[in-house]
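Coordinate-derived values only; no laboratory data. Predicted, not measured: the structure shown is a model, and the values here were computed from it. Reconstructed Cβ throughout: ideal geometry from the backbone, glycine too, with neighbour counts over all protein chains shown.
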Amino acid sequence: MSYKVQGLRIVIVGGGEEALNKVRLVTKTTAQVVIISRHVEADFSGFAVEQIERAFVPADLDGTALVFVAEEGADAELAKAEARARGIPLNVVDVPAECDFYTPSIVERAPLTIAISTEGDAPVLARLVRARIEAMLSPGIGRIASLAGGLRQRVESLIHDGAARRRFYEALVTSPEIEAAEQRGQGLDAAHDLLSQHVNAETKGVVWLIGAGPGSEDLLTLRAQRLLQEADVIVHDQLVPTVVVDMGRRDAERIDVGKAKGHHSFSQAQINTLIVRLARQGKRVARLKSGDPMIFGRAGEEISALRKAGISYSIVPGITAALAAAADTATPVTLRGVSSGFIMATAHGADDSDLQHWAALAQSGLTLALYMGKSIASEVAGRLVANGASPTTPVGIVVNAGRPDRATYSGNLRSLIEGQVTFIDGPAIIFVGEAVAAGDWADAGQLAALSFKVA
Ligand code: SAH
């Protein structure tokens, strides 16, 4: 909350260092600042304050917006009681429990003001955060904010679409050219040029196919994060967790095309039509997919629909589930002398020739990472063995890879066939191959008595 103090008094009871600290802060406002103390000790010269060297009297709070108490004793107690009786917000320095409000650390680039508050708990932390933000913001950013303010009416009359207006403002406040021009005193001209460019440019939609990673927000790429912030619409799959979808702009439209197994709320054709339609409306569309968009993400269909419609698009890679699972279990999916390669394959819909092929690959040491196979895990294991894979080939399964609630299971093909494992809920990667035994499966639930744990 920012408090309006113009034309009102801010009264500080106290005359020491702490009062001086508050004076430093509040003299940045347009209020009339008054300090009252029997002993004014600190040096207030250089600040626009009225110093009253006497005992506090209740009438001191006439016309007062805010009261700070920065000393102890009878005057302080009287001032607190009087402020409370009059309903004037009170700050008692270093006594959070007695405060109605706290003064945040402030980064000031007027009219841009950033307040950092720890609600009195850790002022040192607030100062450190402040120093970082100070370093982040160029000194001229405030003038650019004023520029934007001055252009508001013009922008509103020239650009009618809300999203297009936002794009203009984004360009205005982030463009290094505008900042340089502003430093030369030509900011306004440069801003007008930019505005006419935006008025003339037809609003062009774009679709970004973005990999959201396995489901933890810190496994998202910086590019994905940036584009999520820029998008007007976020079209996401059901597997993308809310924390990631929430990273988009607050007012971006969100469409869940949730393709949970079993009930297809949107067909692939409908999704293709949807993203094309949104982009044609000039929107910037973040098509957010779990893991990497190019791996079992139906990216192929969407890309071809976008190409056909002549819509620009780009792909942002993400961490695919198999690699998150490898990281979770410290499993080197390629390993010198053991595994010379790594196959990502779908267990769902695999036919006999696939299985024959994979069995041979697993036999030769390559690591298989099977997607979409949890519910048919033991059936797939059986078919691999029937096609020639050794029953003792190591198997590792990671459910909810890359997420805090992951669970791991280890064993071999035989134990997967014979074991009656109940997996926890969630998507899973099934690793098959000798390299799996080199991973760290110490926390893994055993698939059966037979574990692959090697000496
Ligand atoms: N594009 C995604 C895959 C989507 S297909 C990617 O690159 O990861 C859906 C399958 O991915 C699921 O059936 C499961 O096998 C796997 N999967 C997705 N997220 C997962 C996760 N967090 N943990 C384990 N497997 C996952």
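Is it the case that segment 226-242 has a residue that's touching a helix residue (DSSP H, G or I) at 6+ places or on another chain (Cβ under 9 Å), free of Cβ contacts under 8 Å to residues at least 40 places away in the same chain and either within 16 Å of the ligand (Cβ to nearest atom) or part of a strand (DSSP E or B) (or both)?
The answer is no; no qualifying residue exists.
Condition first: at positive phi and touching a residue at least 60 places away in the same chain (Cβ under 8 Å). Now tell me which residues in segment 371-390 satisfy that. Quick ask: steps written out before the conclusion?
Narrowing segment 371-390 to residues at positive phi: 372, 388.
Within segment 371-390, Met372 is the sole residue that qualifies.
Of everything in segment 55-73, what is surrounded by fewer than 17 Cβ atoms within 10 Å (Cβ to Cβ), touching a residue at least 12 places away in the same chain (Cβ under 8 Å) and assigned to a helix (DSSP H, G or I)? Give them in sequence order.
If the condition is that a residue be surrounded by fewer than 17 Cβ atoms within 10 Å (Cβ to Cβ), touching a residue at least 12 places away in the same chain (Cβ under 8 Å) and assigned to a helix (DSSP H, G or I), then Pro58 is the only one that fits.
Please go through segment 265-278 and pick out each residue that is surrounded by fewer than 13 Cβ atoms within 10 Å (Cβ to Cβ) and more than 28 Å from the chain's Cα centre (by Cα).
Initial filter on segment 265-278 (surrounded by fewer than 13 Cβ atoms within 10 Å (Cβ to Cβ)): 265, 267, 269-270.
Matches in segment 265-278: Ser267, Ala269, Gln270.
Could you please find all residues in segment 318-334 being within 9 Å of the ligand (Cβ to nearest atom) and under 19 Å from Met294 (Cβ atoms)?
Taking segment 318-334 as the starting set, the residues that turn out to be within 9 Å of the ligand (Cβ to nearest atom) are 318-325, 328.
Listed by number, the residues that qualify are Gly318, Ile319, Thr320, Ala321, Ala322, Leu323, Ala324, Ala325.
Could you name every one of the strands (runs of 3 or more DSSP E) located completely within segment 79-194 that has at least 2 residues being within 30 Å of Pro58 (Cα to Cα)?
Details: elements: 90-92, 105-109, 112-116.
The strands (runs of 3 or more DSSP E) meeting that bar are 90-92.
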